[in-house]
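See below for the structure under consideration.
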Amino acid sequence: QVQLVEFGGGLVQAGGSLRFSCAISGRTFSAMGWFCQAAGKEREFVAAINWRGGSTRYADSLKGRFTISRDNAKNTVYLQMNSLKPEDTAIYHCAATSRITALLITSTRDIQNWGQGTQVTVSS
């Protein structure tokens, strides 16, 4: 059974930092990533990374503030979020796929498996 289990999240003040992790079990994927879903909005792409090689891609609005990384030995992907803003408030979901490379992930249609999500709230 494939499982993506997220850790991290919580409440932070604007300008602060958070770090998530997502542990994957049951199979391996070629690409992992993170999406976020704010209240009343669709789930949106945040970042993705190829399991082999480590190539990354970010949503344009988040470049420079967020960093995705992975630890192949631990089957874990991370998201470091810095300089957080109130508009970053959302549920963040770990995502996995072998359909396409991380460099081409743009929407939820590209994803095969999801984590349950973890809430991030950024106060002003």
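The values are calculated or read from the model by the stated rules, or taken from the named source; none is laboratory data. What you see is a predicted model; the values in this text were computed from it and never measured. Reconstructed Cβ throughout: ideal geometry from the backbone, glycine too, with neighbour counts over all protein chains shown. Note: accessible area is taken over every heavy atom of the protein model, side chains too, but ligands, DNA and RNA are not part of it. Shrake-Rupley method; radii C 1.70, N 1.55, O 1.52, S 1.80 Å.
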Output needed: percent of Cα pairs per 5 Å distance bin for segment 81-124, bins running from 0 to the one holding the longest distance. 5, 20, 22, 16, 19, 12, 5, 1
Answer with one residue from Gly115, Leu103, Ala90: the one whose Cα lies farthest towards the positive end of the charge dipole of segment 65-122, charges on Cβ with Lys, Arg +1 and Asp, Glu -1. Leu103
About its Cα centre, how strong a charge dipole does the chain have in debye, to the nearest 20, once Lys and Arg get +1 and Asp and Glu get -1 at the Cβ? 280 debye
Quick check: convex hull over the Cα atoms of segment 28-79, volume per residue in Å³, rounded to an integer? 89 Å³
Rg over Rh of the chain, using C-alpha atoms and the Kirkwood radius, what does it come to? 0.94
For the chain, what % of the accessible area comes from carbon and sulfur atoms, probe 1.4 Å? 45 percent
Going by a 4.7 Å Cβ-Cβ cut-off, which cysteines of the chain have no partner at all? Cys36
Over segment 19-121, with the other protein chains present, what is the accessible area per residue in square angstrom, probe 1.4 angstrom? 49 Å²
Could you derive backbone 3J(HN,Hα) for segment 60-77 from the dihedral phi with the Karplus parameters 6.51, -1.76 and 1.60 (θ = phi - 60°), listing whole Hz in sequence and x where the residue is Gly or Pro? 4, 6, 10, 4, x, 9, 10, 9, 9, 8, 9, 10, 5, 5, 9, 6, 10, 10
For the pair Ser30 and Ser61, the simple spin-label estimate (label points 7 Å beyond Cα toward Cβ) gives in nm 2.9 nm
What's the extension gain from Lys85 to Gln112 if we count 0.36 nm per residue and subtract their Cα-Cα distance? 6.8 nm
About its Cα centre, segment 52-99 carries a charge dipole, from +1 on Lys and Arg Cβ atoms and -1 on Asp and Glu Cβ atoms, whose size in debye to the nearest 20 is 220 debye
Over segment 31-124, what relative contact order in percent results from Cα pairs under 8 Å that are six or more residues apart? 32 percent
